[in-house]
Amino acid sequence: MKKSSLAIVALAFAFSTESIARDQIKIVGSSTVYPFATVVAERFGKTSGFKTPVIESTGSGGGLKLFCKGLGTEHPDITNASRRIKSKEVKKCSKNGVTDITEIKVGFDGIAMANAKSGPMLELSLKDIYLALAKDVPADPEGNTVKPNPYKMWNEVNPALPAAPIVVIGPPPTSGTRDAFNELAIERGCKKFPGRKALKKKDKKLYKSQCRSVREDGPYVEAGENDNLIIEKLVADPGALGVFGYSFLDQNRDKVKAAKVDGVFPEFEAISSGKYPVSRSLFFYIKNAHASVIPGIKEYVREFTSAKAIGSDGYLVSKGLIPLGESERAQFEKDGKNLAKFDGKVLNKK
Amino acid sequence: MNNLKKIEYSLKKRKRQESRFKIYGLLGIATAVSFLCIILSSIFMEGKKAFLSTYIKLEVYFDPDIIYTSNDQKEEDIKFANFQKIIKNSLNSFFPEISDKGELRKLSNFISSSEEENLMKLVLKNKQLVGQKITLWLLASSKIDVINKNPDMELIAEEDRLISDLELNWLNEIRSANNIKSNFNKNFFVKADSTEPEQAGIWGSLVGSFFTLFVTLILSFPIAVAAGVFLEELAPKNKFTDFIEVNINNLAAVPSIIFGLLGLAIFLNVMHLPRSAPIVGGMVLALMTLPTIIIATRASLKAVPPSIREAAIGLGATKFQTVTHHVLPLSLPGILTGTIIGMSQALGESAPLLMIGMVAFIVDVPGSFLDSSTVLPVQIYLWKSTAARGFVELTAAGVMVLLSFLILMNGIAVFIRQKFEKKW
């Protein structure tokens, strides 16, 4: 074994000493943006004359981690994200020399809660979702104190819901969908309790840890970065509820049906107008230092931000993307063209 | 008398026991075989559909007004011409009654977007075509293909179906005019991944698998045989070699993902080799395959009778000559069998490749060891996790291709063993 590993090391160094130039864009990131990015990449490869970019689906968190590791051809050029970059990640990026990045928003996505066609029709409120899935729930009606989540059945959460066990299949913590779900569904449900809302002013850290964490005692089942798997599990178990992006709901309408959240179905119009409460924006981030080194990055960005792709009539819209307003899209098209530097300070304002 | 009866009685019992024992064995085999049959037949039933794709016959008019946008009729014009419009017009001439824009767009989705490129190439090759009207069989989009191949899908309710009633009517009209046919799906064998099922193929990942396994073989075979020969023939038996032996056996049982983590930490983070490249995949799989081949090598060296070694040494051969002239050639069939089985294990492996970025969307067929690529099992995994309905069949077809390669490799291993193995 000693011999063998020595030989491998020697061979690997022989390869690595000659610098490896790259003429192909490398993209990592969100599994929600992946189906859109692959379509753009394929069209780009066919029409532009550049090599088709390579896209890995690593989840938003995993993508940003790889993206922020540093400059150089062994690191990815672009990362997709189904949530905005965090200020922690911006700091990590700049620590590793990745100071100059561009943020592009490509559209919206609704997070649907859906169950199998054969399952019951559900109408949930954000409060129900919070009480069913949070790690800690209010111990008193005002929400001044908390206790570990005791609820096992939907009707314990809200008497109007069926007397069925709570089983929700959703993405793991590395997923942007999960981050957005925690923030948009769980946290907003949490805020419905005045005591919790008051806590935000007093102790922000405690508030975040209590209002954004999902229970780990069984009812929430993590299914990995694979939305198709969630759909298959839902079909096999009509009592379970799944959490995934709108585009997957759209593609699988023959198998699953969405639940109303706060009285609204996750439909195209409701998500783009913001009426559907659990909707978020999709992004990708470009490493500007790479744009002059790896051929095709600017052209790829132009293709992705063009009206032909993400405009209201674009080809990604037929794949389930919910488009930005025209003026916002034009702004990001310009940002992409100029590689406008993203200012991390805007994140702190919120 | 009493004893005899006892024996007679117990004999019956023992015979019953034996027949029960036989039945248990048979039941075991029957269950295993039936599971295998269920798996294989379900894969085959699903996968066989992927080997056919649907074509639609259309009269295509290469309208000079669409193709030549400038007056001097340059070749550049053809490259940037709107062939989508040409296809749309051809479809419209088959359904002249449709004029609504939205409906026309739905209609143009009947034909695969890859045909735009094909028509462009056709015109580039033969410029005389401009201005002519010719009949062509064009590849249908995946949606139409799925409906055409699964007639029972037409019966389900409209909102659950892939296409609307209106589109189904159009499809039936095309059918009644006899303008639709199923033909061999060539794309599946010559293309790499795509977002459109009808344009996706297994070739890219097959080439990726080939490059990866080549690196694995080149690295692991010589190293493992050298290690095996050293440990079995040359090394003294002491605590140190015992320690190595225990470790090799341990390595053979290490979950494959660990090798992926090792690859990520050393090959990518320390040596800065490119992500997603077959060279790295091959190196990781070589680490995984090494113990398998070392163990097989040692076992087949052990199987060579000591009399052969003693005879060679008795005639004055050195240790080196004994091994290279006699022992190694005699044990080669066993070593090769072990190697091929290790290779087929590597062919089916996907977990360690996940860590080094070989699980990616890659459209270009890889051309070298440093190009980004996927491998067969990873391609199957990627298709399985895609939303579009057409990929269900491609996934099963991909499994069929992978299985046939595994059967082929294991068949060669069995053949070598039967043909060349010596019995003493």
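The values are calculated or read from the model by the stated rules, or taken from the named source; none is laboratory data. Since we're looking at a predicted model, the values are computed, not measured. Counting neighbours? That spans all protein chains shown, and the Cβs are built from the backbone with ideal geometry, glycine included.
Okay, residues lined up against (1) β-branched (Val, Ile, Thr); (2) within 37 Å of the chain's Cα centre (by Cα):
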residue	(1), (2)
B:Lys13	no, no
B:Arg20	no, no
B:Ile29	yes, yes
B:Cys37	no, yes
B:Lys48	no, yes
B:Ser53	no, yes
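Pairs meeting the criteria (first residue in the range A:156-174 and without any contact (Cβ under 8 Å) to a residue 40 or more places away in the chain, second residue among the hydroxyl-bearing types (Ser, Thr, Tyr) and in a loop (DSSP other than H, G, I, E, B), beta carbons under 6 Å, at least 6 apart or on different chains) are A:Val157/A:Tyr151. Candidates A:Gly49, A:Gly62, A:Gly72: the one that is of a type outside the set (Lys, Arg), facing chain B (nearest Cβ under 9 Å) and surrounded by fewer than 21 Cβ atoms within 10 Å (Cβ to Cβ) is A:Gly72. With respect to the conditions (1) surrounded by fewer than 20 Cβ atoms within 10 Å (Cβ to Cβ); (2) under 30 Å from A:Lys135 (Cβ atoms); (3) in contact (Cβ under 8 Å) with a residue 24 or more places away in the chain; (4) of a type outside the set (Lys, Arg), A:Ser209 falls short on a single one, namely (3). Listed by position, the helices (runs of 4 or more DSSP H) enclosed by the range B:21-106 that each have at least 1 residues that are of a type in the set (Gly, Ala, Ser) are B:83-94.
Of all residues being in contact with a Lys or Arg (Cβ under 8 Å, 6 or more places away or on another chain) and within 14 Å of chain A (Cβ to nearest Cβ) in the range B:120-142, which is surrounded by the fewest Cβ atoms within 10 Å (Cβ to Cβ)? Just the residue, please. Going through the qualifying residues, I end up with B:Met120.
Checked against the criteria, B:Ser194 does not count as on the phi > 0 side of the Ramachandran plot and under 21 Å from the mean Cα position of the chain (by Cα). Is there a residue being within 14 Å of chain B (Cβ to nearest Cβ), on the phi < 0 side of the Ramachandran plot and not polar (S, T, N, Q) anywhere in the range A:163-182? Yes, the conditions are met somewhere in the range A:163-182.
Residues in the range B:57-99 that are within 19 Å of B:Leu171 (Cα to Cα), among the charged types (D, E, K, R) and out of contact with any helix residue (DSSP H, G or I) (no Cβ under 9 Å at 6 or more places or on another chain): B:Glu97 alone.
For the range B:365-388, a tally of residues being more than 8 Å from every other protein chain (Cβ to nearest Cβ), over 15 Å from the mean Cα position of the chain (by Cα) and under 18 Å from B:Glu198 (Cβ atoms) returns 0.
Regarding the range A:9-16, can at least one residue be identified that is facing chain B (nearest Cβ under 10 Å), buried (at least 17 other Cβ atoms within 10 Å of the Cβ) and either at pLDDT 90 or above or in a strand (DSSP E or B) (or both)? Within the range A:9-16 (the criterion being facing chain B (nearest Cβ under 10 Å), buried (at least 17 other Cβ atoms within 10 Å of the Cβ) and either at pLDDT 90 or above or in a strand (DSSP E or B) (or both)), the answer is no, since none of the residues qualifies. The one condition from (1) in a helix (DSSP H, G or I); (2) closer than 18 Å to A:Ser125 by Cβ that A:Val235 does not meet is (2).
Quick one: would you say A:Thr99 is part of a loop (DSSP other than H, G, I, E, B) and of a type in the set (Ser, Thr, Tyr)?
Values: part of a loop (DSSP other than H, G, I, E, B): yes; of a type in the set (Ser, Thr, Tyr): yes.
When the stated conditions are applied, A:Thr99 passes them.
Could you check the range B:335-363 and list, in sequence order, the residues that are of a type outside the set (D, E, K, R), part of a loop (DSSP other than H, G, I, E, B) and within 16 Å of the chain's Cα centre (by Cα)? Walk me through how you get there before you give the answer.
The first filter runs over the range B:335-363 and keeps only residues of a type outside the set (D, E, K, R), leaving B:335-348, B:350-363.
Still in the list and also part of a loop (DSSP other than H, G, I, E, B): B:348, B:350, B:356-359, B:362-363.
Answer for the range B:335-363, where residues must be of a type outside the set (D, E, K, R), part of a loop (DSSP other than H, G, I, E, B) and within 16 Å of the chain's Cα centre (by Cα): B:Gly348, B:Ser350, B:Met358, B:Val359, B:Ile362, B:Val363.
Can you find a residue that is modelled with pLDDT of 90 or more and within 11 Å of another protein chain (Cβ to nearest Cβ) anywhere in the range A:76-83? Explain how you work it out, then say what you get.
Just the residues of the range A:76-83 that are modelled with pLDDT of 90 or more, to begin with: A:76-81.
Within this subset, residues satisfying the condition of being within 11 Å of another protein chain (Cβ to nearest Cβ) are A:76.
Checked against the condition, which is being modelled with pLDDT of 90 or more and within 11 Å of another protein chain (Cβ to nearest Cβ), the range A:76-83 yields at least one hit.
Just checking, which of B:Ile248, B:Ile293 is assigned to a helix (DSSP H, G or I), in contact (Cβ under 8 Å) with a residue 60 or more places away in the chain, within 11 Å of chain A (Cβ to nearest Cβ) and surrounded by 15 or more Cβ atoms within 10 Å (Cβ to Cβ)? When all the criteria are applied, what remains is B:Ile293. Candidates in the range B:159-176 are the residues that are within 11 Å of chain A (Cβ to nearest Cβ) and surrounded by 11 or more Cβ atoms within 10 Å (Cβ to Cβ); of these, the one that is nearest to B:Ile56 (Cα to Cα) is B:Leu162.
Scan B:Val225, B:Val215, B:Val207 and give me the residue that is in a helix (DSSP H, G or I), of a type outside the set (Gly, Ala, Ser), under 18 Å from the mean Cα position of the chain (by Cα) and within 11 Å of chain A (Cβ to nearest Cβ).
From the options B:Val225, B:Val215, B:Val207, the qualifying one is B:Val215.
So which of B:Ile147, B:Ile156 ends up being among the hydrophobic types (A, V, I, L, M, F, W, C), out of contact with any Phe, Trp or Tyr (no Cβ under 9 Å at 6 or more places or on another chain), within 14 Å of chain A (Cβ to nearest Cβ) and in a loop (DSSP other than H, G, I, E, B)? Of the residues listed, the single one that is among the hydrophobic types (A, V, I, L, M, F, W, C), out of contact with any Phe, Trp or Tyr (no Cβ under 9 Å at 6 or more places or on another chain), within 14 Å of chain A (Cβ to nearest Cβ) and in a loop (DSSP other than H, G, I, E, B) is B:Ile156. For the range A:153-182, taking the residues that are farther than 15 Å from A:Leu241 by Cβ and among the polar types (S, T, N, Q), the one that is modelled with the highest pLDDT is identified as A:Asn182.
Just one of (1) closer than 26 Å to B:Arg389 by Cβ; (2) touching a residue at least 60 places away in the same chain (Cβ under 8 Å) fails for B:Phe211. It is (1). Filtered by the rule that a residue be surrounded by 17 or more Cβ atoms within 10 Å (Cβ to Cβ), farther than 25 Å from A:Pro266 by Cβ and not β-branched (Val, Ile, Thr), the range A:296-339 gives A:Gly296, A:Tyr300, A:Glu303, A:Glu333, A:Asp335, A:Gly336, A:Leu339.
Please indicate, with yes or no, whether at least one residue in the range A:89-112 is within 25 Å of A:Pro165 (Cβ to Cβ) and touching a helix residue (DSSP H, G or I) at 6+ places or on another chain (Cβ under 8 Å).
Looking only at the range A:89-112, we keep the residues that are within 25 Å of A:Pro165 (Cβ to Cβ), and these are A:111-112.
Among the residues that remain, those that are also touching a helix residue (DSSP H, G or I) at 6+ places or on another chain (Cβ under 8 Å) are: A:111-112.
Yes, the range A:89-112 has at least one match.
Quick one: would you say B:Met358 is of a type outside the set (S, T, N, Q) and either within 14 Å of chain A (Cβ to nearest Cβ) or surrounded by 23 or more Cβ atoms within 10 Å (Cβ to Cβ) (or both)? In short, yes. Among the residues here, B:Lys48 qualifies as surrounded by 10 or more Cβ atoms within 10 Å (Cβ to Cβ), in contact with a helix residue (DSSP H, G or I) (Cβ under 9 Å, 6 or more places away or on another chain), closer than 28 Å to B:Ile180 by Cβ and not assigned by TED's automatic domain parsing to the domain that holds B:Ile87. Those strands (runs of 3 or more DSSP E) of the range A:127-185 in which 2 or more residues are of a type in the set (Val, Ile, Thr) and out of contact with any His (no Cβ under 7 Å at 6 or more places or on another chain) occupy A:168-170.
May I ask you to verify whether A:Ser4 is assigned to a helix (DSSP H, G or I), facing chain B (nearest Cβ under 7 Å), closer than 21 Å to A:Val293 by Cα and modelled with pLDDT under 80? Spelling it out, it is not the case that A:Ser4 is assigned to a helix (DSSP H, G or I), facing chain B (nearest Cβ under 7 Å), closer than 21 Å to A:Val293 by Cα and modelled with pLDDT under 80.
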